[in-house]
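Step one of this worksheet: look at the structure below.
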Amino acid sequence: MNSFLFFISMAFPKAGIQIASVPLTISTVLLALSAFKNINYIFPAMRKVKGLLTCYAVLFFALIFYCIFNLGDIPPFALAEVLVLLGSPLAIAVTYLMEPEKAYKMICVAIMITSLYAAVQWVAGITSTAIPGITYTKGQNITEKPIGYGFSDNAESTKMISTYQNGNGFGLFLSMAFPCLLCWKPTMPKWQKIKIVSLLMAVAGIILCGSRSVQIPFILTSLFMFASYQQNKSLNSKIQFWMILFEVALAFGAFIYIFFPKVANQFFDRLVIQTSNDTTMAGRTGQWAAINETIKNYDTPTFLRFLAIGKPALQEGGGEGLPEFLIHFGLIATVAFFASFITLLVACWKKARPMSFGILCVIMMYCVDQAYYYPPTLMLCFMFTMLSLRYQDKKATVRSHAENETSKTSERCSDLL
């Protein structure tokens with residue numbers, strides 16, 4: 001079950017059906033079943049990341065109190081969002097129990113499936129290639145989504161949604177899968193080649209996803225990652241490395257521009273021109289001013305309630321990303337939620353550094369986008385983190401065993417002499 005849940009969450013995350021106003025996907029059903037099956041391993045898995053269990057406990061009780069104080073007022077979809085926030089971290093036990101090599105191979109296959117499907121959507125259109133119940137949740141109308149239109153003269157999607165029903169979710173998966181794969185050193189030459197192809201396809205998929213809230217953090221964190229590995233190098237080595245990186249990026253950009261000019265032009269237009277011309281980040285910066293005005297009008301009891309459990313469920317307000325989380329669930333839940341990612345980042349920085357930049361990318365995106373409400377992005381973050389840590393632990397164990405065997409062999413040779 002763990003392997004199937006891991007794969008379906010990456011390759012076909014929206015496969016399922018909508019019941020009433022709540023989408024019920026295969027991955028969420030399997031997550032619930034997996035949580036019951038792996039219940040004895042969830043807390044040990046969380047304890048592998050220092051501070052994570054504490055953050056989760058605070059978040060859990062904060063959201064439970066939010067539900068209690070808003071009892072009867074929470075709409076079904078909002079309640080489903082709370083369940084996603086509380087249930088997704090439990091997926092950490094999935095990769096805690098999986099064989100790392102097998103999991104990494106699944107990531108490669110999932111990247112290929114989703115990126116190739118995104119390319120097909122680019123060529124043939126999103127709506128014309130959609131398969132209800134598999135590539136998007138059956139019962140939902142994909143054309144009602146602002147990014148879900150197929151190509152035509154009047155309506156052209158700026159984001160390829162792949163099997164994620166959302167360009168932001170698709171891009172976020174790839175931005176986590178990319179650094180996670182960098183932690184892996186395949187034992188077989190065949191899989192080394194497949195890994196390289198998967199990494200290239202992940203970059204192509206991030207370009208096609210069209211999400212600036214993914215692309216900008218991915219570019220910045222990638223530069224930070226490359227810079228971190230050059231800290232102890234000589235000046236000549238650093239210059240040589242950055243020159244090679246610049247040449248590779250230039251060659252890749254030229255390839256895209258020559259063979260896929262439409263993709264290149266749209267990527268440049270959205271990422272550079274639209275971003276530089278829009279100082280409000282698509283209206284997101286104004287959210288802080290709106291929240292500030294809302295809080296100013298609170299009396300003391302309402303303000304204390306806001307700090308503890310957020311605004312009343314029926315009260316209007318919110319936005320995207322961090323402001324949305326803060327105004328809805330309050331300061332305590334917000335601090336606990338984002339602190340949990342800090343614990344993941346620190347743990348990966350110590351053991352699996354490339355993945356720490358993937359976590360940083362997630363944090364940056366969650367500050368400006370509410371993708372944390374929509375499975376499987378949140379659960380994938382915890383699964384990828386644990387996979388990276390378990391793989392490094394396994395490598396350390398193998399290395400230690402090899403050193404012990406070498407030491408014993410040396411001692412035997414000494415005794416013979």
request  = Can you put K311, K296 in order of Cβ neighbours within 10 angstrom, beginning with the fewest?
outcome  = K296, K311
note = Listing Y164, Y229, Y257 by rising number of other beta-carbon atoms within 10 angstrom, fewest first, gives Y229, Y257, Y164
inquiry  = Can you tell me which of G210, G72, G125 moves the most in a GNM of the chain? Springs connect C-alpha atoms under 10 Å apart.
reply    = G72
inquiry  = For the chain, what does the helix formula give at 222 nm: sum of -39500 (n - 2.57) over DSSP H segments with n ≥ 4, over the residue count, nearest 500 deg cm²/dmol?
reply    = -23500 deg cm²/dmol
remark   = Row for region 70-141, column shape: gyration tensor on C-alpha, a ≥ b ≥ c, rounded if a/c < 1.5 i.e. under 1.5, prolate if a/b over b/c, else oblate; value oblate
key: Residue among M201, M98, M160 with the largest mean-square fluctuation in a Gaussian network model of the chain, springs linking Cα atoms under 10 Å   = M98
remark   = Mean projected area (nm²) from the convex hull of Cα positions in region 123-253 is 10.4
R0 of 41 Å, Cβ-Cβ distance D269-L314: FRET efficiency to nearest 0.05 = 0.55
inquiry  = I'd like the distance separating the alpha-carbon centroids of region 34-86 and region 205-233, in whole Å.
reply    = 30
task = Express in nm, to one decimal, how much length is gained between T143 and Q18 on full extension, taking 0.36 nm for each residue of separation and deducting their alpha carbon distance.
result = 43.5 nm
request  = For each pair in K193/K350; K233/K262; K159/K233; K37/K138, compute the distance between the two Cα atoms and list the pairs where it is over 31 Å.
outcome  = K233/K262; K159/K233
request  = Provide the descending list of Cα extents for the chain along its principal axes, expressed in whole angstroms.
outcome  = 84, 53, 45
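Any read-out appearing in this document is the output of simple, stated calculations on the displayed coordinates, not a laboratory observation. Because the structure is predicted, anything quoted here is derived from the model rather than measured. Virtual Cβ from ideal backbone geometry, glycine too; neighbours counted across all protein chains shown.
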